[in-house]
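Below is one structure, written out as structure tokens, with a few remarks after it.
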Amino acid sequence: MRTIFFLVILFIIQSCEFVSGKLGTSPKVGLIEINSIKDNALKVKIDVETSEGSDAYIRYWKYIDNKKNDSVIFYSPISKNTGKHKLMLVNLNLNTKYYFNVIVKKKSHKRISETYNFITSPAVPWVPYFINKDSIANVKFDGYIHFHSRQVPGFMFLIDGDGKLVSYQRNEDNFKVSKWTHKETMLGILSSDTLHFTNGRKIIEYDKFGNVLFEAETGKKGIEKSFHHEIDLDENGNIFTLDYDTREVDLTSIGGNKKDTIKGDGILVLNHKGEKVWEWSVFDVMNPLDDKKILKSKKDWLHANSLFKDKQGNYIISFRNISQIWKINGQTGELIWKLGGLDGDFEMPENAIFSGQHNIRFNKNDELVLLDNGNLRFKPGHKQILGRSKILDVNRIAQSRLLTLSLDTVKMKAKILKIVNFPQKYFTHSQGSAEYINDSLVVFCSTNTKRIIYTNSKGKLLGMIPLEYSTYRAQYIKELYDTSYAN
């Protein structure tokens, strides 16, 4: 399918509605130019000329009934203190007629333009997202879901509560991992291959309009390690990610080689100049010789798969191969505690024991939330059965869960607060994510079955979105950007 490009120029000088302020003092609206964006059917650029030193934004809406009695209103990001405004609409649906006004503010005065309209493209150039309306007919919510498509070329997506595509970002490489950040940007780990699930040699950050804000690559500017599994921004806007740390270790004392290679994990923090702000390695706090299974696990020692920075500036890191979560001091790198596994520091009830976990974080109530994949190969104390067919037989009785835990770091006890048991047919033995959209709705990314699943708080299936390509996680976003300026 071809994208339909359009250019509309509106000469608007005297036709604006006077809203507030005295005649001659309210801001003026001049030329309005509407452009579609090449290679992206879900973005529309609107350039507006106004009085110098003005703020401007677009109010736009679509009608949701044929009689035009009911509509949904949106606002563009705001452009401030200029006479030439470059505005972008980034929350659009295909083949939809939108109406809009330009709203201009200057001090206490405001002017609203006449109402104009445009129609978005009926289709997009090939994009691997195809909605099945019937499969999510019982799912409705405010907000958005962010995910990506692991293929070459790669795509990052945003869909709304109706499952409709509202934004996408294409890259010639493959998105291994992606994240919508608190700075309203999109971060991704990229690779040119489709073989490895979550590791790559490139980092890229886009703003919500598709402009590249940051790029980094292994082997350039002093960055020697490759990235994997996690990428996000911290409270200072620095980029933090997991990386691989490979060391040569003498394992002759336990039957290995003099120079055995062990593949471990680390944390890397970069500023937007590409400079290292902080580094940490699992080798800083753990000796591989203390691990009785190191000869078997040396090619992927602990397998870090999730990273979160808490309010105190410490890091919470998940290790799949030992079904354990660690807390690391964000300044000294000291290991503060371990949760789960065979040598965890917390007393845990039987139903709190997790295995092969992903997507760890603390919520606003300082409760630990995670996807317990339920992978029995990594269940603490569970006897592993080798051989692929036997492993699949074991995991046939496994179930993925969303767990919410409270941690008492004085008495060192973990307590179950909530459990959401997902349908067994959507069990994901690796990768994936799960989180609450609200008290009665949960989104679960079942990576291994290539589905985004919606359930209630009891785990009852409400709807699902089949995906053509797998995604590492599905992330709920309450709003794309702050629009309080429009009130």
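The numbers here are math on the coordinates, done by the rules we state, and not lab data. Everything numeric in this text was worked out from a predicted model, so none of it was measured. Reconstructed Cβ throughout: ideal geometry from the backbone, glycine too, with neighbour counts over all protein chains shown.
Annotations
- Cα-Cα over 26 Å, subset of K263/K415; K84/K107; K221/K259; K183/K413: K263/K415; K221/K259; K183/K413
- Largest-first principal axis extents, alpha carbons of region 277-381, Å: 37, 34, 21
- If only the Cβ of Lys and Arg carry +1 and only the Cβ of Asp and Glu carry -1, the dipole of the chain around its Cα centre is close to 920 debye.
- Paramagnetic label zone (point 7 Å from Cα along Cα-to-C-beta, D345; backbone N under 15 Å) in region 281-306: 285-286
- One way to sum up the overall shape of region 109-245 is the equivalent ellipsoid from its Cα gyration tensor, whose semi-axes run 31, 20, 15 Å, largest first.
- Here F197 and K164 are evaluated by their C-beta separation; at R0 = 35 Å the FRET efficiency comes out at 0.80.
- Across the cross-link table entries K38/K67; K202/K460; K38/K273; K164/K425; K45/K68, which are compared at the Cα atoms, the separations over 27 Å belong to K38/K67; K202/K460; K38/K273.
- Residue-averaged 222 nm ellipticity for the chain, from DSSP H runs of 4+ at -39500 (n - 2.57), nearest 500: -500 deg cm²/dmol
- Gain on full stretching of the segment that runs from T252 to E184 - 0.36 nm per residue minus C-alpha separation: 19.4 nm
- Computed over the chain, relative contact order equals 10 percent, with contacts defined as Cα pairs under 8 Å that lie 6+ residues apart.
- Semi-axis lengths, Å, region 405-487, gyration tensor of Cα atoms, sqrt of 5 times eigenvalues: 24, 23, 13
- For region 212-233, the residues whose backbone nitrogen is under 15 Å from a point 7 Å from the Cα of E279, taken along Cα to Cβ, are 217-227.
- Legend: calculated FRET efficiency, D393 to K38, from the Cβ-Cβ distance at R0 = 45 Å, rounded to 0.05, equals 0.30.
- Note on the chain: Cα-only Rg and Dmax are 25.2, 89 Å.
- Difference of contour (0.36 nm per residue) and Cα-Cα distance, T115 to E52: 20.4 nm
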